[in-house]
Amino acid sequence: MNQGTVSEPSSPDSVAETPLLVSSEPAKDELESLFLQLGLHKLGGTSRSLVVCGVSSASGTTSVVRGLGWIAASVHHLSTVVVTVTRQTENSTTSVGSLGVCQLLDGRATINDVAQQTALAHLHEIPLGGAALPLAGTDLPGLLRALEAEYRLVLLDAAPVLRQRMTALLSAAAHGALLVVRHRADSRRQLARAAALIEGSGGTVQGAVLNRIKESLPSWIVQNR
């Protein structure tokens, strides 16, 4: 399993065209390292879908998925789409009433209808388009294959595995899952349960990110400043 560490920047300042996480140079380097470890730079003419999800809570998954999308589009120039498949407003740039995944699944919209261009030429976003995904008769594999036909990289911002069974099913339809673990919040037992749920559903855990690490200066440095 590939592992990475992504530390949230302590400053709220960011560049409008980039997600907050990528506006920090150390975090940008960490995301690039994660991108390489996952082998996303080797896509070439192939397409790949990756579910990014928390273990027991969101744990900053939106920042991670948007950060990876930014790296893919701006650094590696990959045609990329960030897809929201959970009700989540963190760092959201889309309106509540936007068409999205829900309308794709029930046939009321096409990918061209719901894909929203970002400030980056190679990056699109697709919002949820409703309060929750429709479950009855949902063709998740068909949705992913349609998205992969349009984009080299499909990044899905999903609900925590231990809170939403559908995330494990979505991971089975995708090429893999990236677990975002919150520092000092998610236990090893919870992480093991989440991985077991994904793999038991036929999915593959391709990596884990330890997120939201709060680093502080050693006490002896503070005392001698």
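Listed here are the residues, each with its yes/no results for (1) surrounded by fewer than 19 Cβ atoms within 10 Å (Cβ to Cβ); (2) modelled with pLDDT under 95; (3) assigned to a strand (DSSP E or B).
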{"site": "Ser33", "(1), (2), (3)": "yes, yes, no"}
{"site": "His41", "(1), (2), (3)": "yes, yes, no"}
{"site": "Gly45", "(1), (2), (3)": "yes, yes, no"}
{"site": "Ser49", "(1), (2), (3)": "no, no, yes"}
{"site": "Val52", "(1), (2), (3)": "no, no, yes"}
{"site": "Ser57", "(1), (2), (3)": "yes, yes, no"}
{"site": "Thr62", "(1), (2), (3)": "no, yes, no"}
{"site": "Leu68", "(1), (2), (3)": "no, no, no"}
{"site": "Ile71", "(1), (2), (3)": "no, no, no"}
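Out of the residues in the range 122-143 that are among the hydrophobic types (A, V, I, L, M, F, W, C) and at pLDDT 95 or above, which is nearest to Val51 (Cα to Cα)? Break it down into steps so the answer makes sense when it comes.
At the first step, the residues of the range 122-143 found to be among the hydrophobic types (A, V, I, L, M, F, W, C) are 123, 126, 128, 131-133, 135-136, 140, 143.
This time we only want the ones that are at pLDDT 95 or above, so: 123, 126.
On the way: Leu123: 17, Ile126: 14 Å.
Per the criteria, the residue is Ile126.
Please specify each residue of the range 162-207 satisfying the condition of being closer than 13 Å to Ser49 by Cβ and either small (Gly, Ala, Ser) or touching a residue at least 40 places away in the same chain (Cβ under 8 Å) (or both).
Leu170, Ser171, Ala172, Ala173, Ala174, His175, Gly176, Ala177, Leu178, Gly203, Gln206
The values are calculated or read from the model by the stated rules, or taken from the named source; none is laboratory data. These numbers were taken from a predicted model, which means no experiment stands behind them. Counting neighbours? That spans all protein chains shown, and the Cβs are built from the backbone with ideal geometry, glycine included.
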